[in-house]
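Q: After the structure tokens below, expect a handful of questions from me.
Readers should treat all values here as calculations from the given coordinates under stated rules, not as data from a laboratory. The structure displayed is predicted, hence computed values, not measured ones. Note: ideal-geometry Cβ built from the backbone for every residue, glycine included; neighbour counts use all protein chains shown.
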Amino acid sequence: MTTQVEVEVTVNNVKWNGDAGWYEGDFKYKQTSPKGGMKVVDQQGNINGRAENAGKTPISDFEITLLWKSDKVKVNGVDCDAHLRQPNNKSIRLAKGFGDKPNNDAGQNGSVISVPGGNGNTSLTIKDKNNDGEIYTYNLVAEIQTSNGPMPLVDDPIIINQDPPQFLMYKAEAAVPAEPSQTGEAAQPATPAIPPEPDPKP
């Protein structure tokens, strides 16, 4: 039976990362269901599909709905609109391996981990077959509306599928999200020059 999980996502202290070319912040993930002992998503957004995580009821495949709750974020004291990307799979970028850079948008169907859709730019659903015993690094990529247009807001948790080798849990390095015209492809590496911070909208 598919395990259904809901998680509220908020972000504060948004700051420009000139080396990376995107915004970052203090992301918080709050699992609101299922309640009780089954904790699939921790406060850093790391997803744990291991059987022992569920106690007496092993986790098989699961669906995680991320509910975006920070529709406004402060950038240098200015309120800016923030939301998930469209289509929804552009808000999840994946790499197979612990600590690898997620350079590809999640597929919408057919793969072990996919993002078939959601509710506009306020939620998305991650479907995980949880049957390959692998570890994945993922980026959650939202957008901030600035006077220079939409800019990425990136977080970088991990996904553990059923019974992989033991390892230390720490956050992996985020990858540069692809430009809208580069669907499914990685963006070019950042140049050595540090880009200026975009002006937040008035």
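Q: By what distance, in whole Å, do the Cα atoms of the stretch 1-134 stretch along each of the three principal axes, largest value first?
A: 48, 31, 28
Q: Same structure, new question: Go through 116-129, 22-35 and give me the packing order, highest mean Cβ count within 10 Å leading.
A: Descending mean neighbour count gives 116-129, 22-35.
Q: Might you report the magnitude of the Cβ-based charge dipole of the stretch 27-151 about its Cα centre, with Lys and Arg at +1 and Asp and Glu at -1, to the nearest 20 debye?
A: So the dipole magnitude of the stretch 27-151 works out to roughly 260 debye.
Q: Relative contact order of the stretch 30-162, please, whole-number percent, based on alpha carbon pairs below 8 angstrom and at least 6 residues apart.
A: Across the stretch 30-162, relative contact order equals 26 percent.
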